[in-house]
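Input: a single structure, listed below in structure tokens.
The values are calculated or read from the model by the stated rules, or taken from the named source; none is laboratory data. Bear in mind that the values here come from a model prediction, so they are computed numbers and not experimental data. Please note: Cβ atoms are built from the backbone with ideal geometry, for glycine as well, and neighbour counts cover all protein chains shown.
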Amino acid sequence: MAADIEVQLRGPKAYALARRAMEAMEAHNVWPTPLNFELWLHYAADKDTPLGKAIAGKVDKGEAFTDAMGEALAAEHLPSAKLNGELLTAGDALSKELDTVSKAIESARESSEAYGEQLATASQSLDASTPPAVKAMVDNLTSATQRVQRENQALEDRLADTTAEVARLRKHLEAVRREAMTDGLTNLANRKAFDEALERALQAADAGGEPLTLAVLDIDHFKVFNDTWGHQTGDQVIRYVAGVIARSGAEPRTAARYGGEEFALILPGEDVGAALTILEKIREEVGSRVLKRRSTNQDLGMVTVSVGLAERLPGEPQGSLIERADAALYASKRGGRNRTTRAEMISAAA
């Protein structure tokens, strides 16, 4: 199917196919990001493929086509996305194997040296009364050990020669991983990185018995704003809000673009009271500036965010924590926007 798309995009029907994809995206309110465009090209070209059927199924159900949904479909159906994930997995395995080999060689060298020293001590302790057969055996063992030591040294020299290359490969692998885990528009963690970071935070909270708070933030009235000023200006606003959130998202916290105009902030070791202080500062800073359109310097007005946060309950799974934070966010939206709502306040009101 991928090959068929490539052929069509280099033929006389290429522009018609691209237009059908764009029209379908616009009809279903899907942002024309590079990934979404690639997915919907497949959908426009042939709705009977697995990917076409998957998109059609979601469209028929009236589901909103989110960034997270697009990433999941790409990982399952697009060869490039599959390959990227497989390369990351293979790279991790290779890195671990190289560590194991290096440690094994070092251990063998140390054992050989220790054994050689013991044999040398034993050889020196032999005297004239020692039977010739024993001396010969010790001499043979000493020679064999020296030979092994020379071979180990040659192996170590070869390993030393490859250290720089291994370091270069690892550096490249980490760069690939960072790129795969980073949102291209905002440079925040992407949805995949968020999921992994939250899972690690849950495990750490279980191990240490410490609090963990999750916050979700959404730009208010973003669709109206985006429709009025255009996608490029909308991207400018998303980057602005992301920059404010990023300043509060340094490790051990994780700031992520959760999807579209929605963000998330993981706060390990911080209870809901401490998190509330941080989030109110973010909300106030976002709304403190009158933004200007870069291309024309026109005033865009102020942008605000609504926030929901939830402190993890003892033993609470990841899905439940996210659901409670989302519910708190929607409560902020219903309550007039540009405000922060704690999940426990919703429970208390209920």
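Among residues of the range 200-223 that are touching a residue at least 12 places away in the same chain (Cβ under 8 Å) and within 14 Å of Ile322 (Cβ to Cβ), those with a beta-carbon under 7 Å from a residue that is of a type in the set (S, T, N, Q) and surrounded by fewer than 20 Cβ atoms within 10 Å (Cβ to Cβ) at least six positions away or on a different chain give the pairs Leu202/Gln318. For the range 257-289, a residue qualifies if it is of a type in the set (Asp, Glu) and closer than 27 Å to Asn29 by Cβ, and the qualifying residues are Glu261, Glu262. Selection of the range 237-252 for residues being modelled with pLDDT under 95 and surrounded by 18 or more Cβ atoms within 10 Å (Cβ to Cβ) yields Val237, Ile238, Gly249.
Looking across the range 228-266 at every residue that is of a type in the set (A, V, I, L, M) and part of a helix (DSSP H, G or I), the one that is farthest from the chain's Cα centre (by Cα) is identified as Val237.
Scanning the range 290-314 for residues that are within 20 Å of Arg239 (Cβ to Cβ) and either in contact with a Phe, Trp or Tyr (Cβ under 8 Å, 6 or more places away or on another chain) or buried (at least 22 other Cβ atoms within 10 Å of the Cβ) (or both) returns Leu291, Arg293, Leu300, Val303, Val305, Ser306, Val307. In the set (1) in contact with a Gly (Cβ under 6 Å, 6 or more places away or on another chain); (2) farther than 22 Å from Met302 by Cβ; (3) surrounded by 18 or more Cβ atoms within 10 Å (Cβ to Cβ), the condition left unmet by Val216 is number (2).
Could you look through the range 39-81, keep only residues that are outside any helix (DSSP H, G or I) and small (Gly, Ala, Ser), and pick out the one that is modelled with the highest pLDDT? Residue satisfying both the conditions and the ranking: Gly62. Among the residues making up the range 282-310, those that are under 16 Å from Ser332 (Cβ atoms) and not in a loop (DSSP other than H, G, I, E, B) are Ile282, Arg283, Glu284, Val286, Val305, Ser306, Val307, Gly308, Leu309, Ala310. Restricting to the range 1-38, and then to whatever is within 28 Å of the chain's Cα centre (by Cα) and part of a helix (DSSP H, G or I), can you tell me which residue is modelled with the lowest pLDDT? That would be Ala2.
I'd like the full set of residues that are touching a residue at least 40 places away in the same chain (Cβ under 8 Å), surrounded by fewer than 17 Cβ atoms within 10 Å (Cβ to Cβ) and of a type in the set (D, E, K, R), limited to the range 172-194. Hit for the range 172-194 is Arg177, nothing else.
If the condition is being surrounded by fewer than 23 Cβ atoms within 10 Å (Cβ to Cβ) and either on the phi > 0 side of the Ramachandran plot or part of a strand (DSSP E or B) (or both), then the range 267-277 contributes Pro268, Gly269.
For every residue, the table says whether it meets (1) farther than 12 Å from Leu217 by Cβ; (2) out of contact with any strand residue (DSSP E or B) (no Cβ under 7 Å at 6 or more places or on another chain).
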| site | (1), (2) |
| --- | --- |
| Ala256 | no, no |
| Gly269 | yes, yes |
| Leu300 | yes, no |
| Thr304 | no, yes |
| Gln318 | yes, yes |
| Arg324 | yes, no |
| Ser332 | no, no |
| Arg339 | no, no |
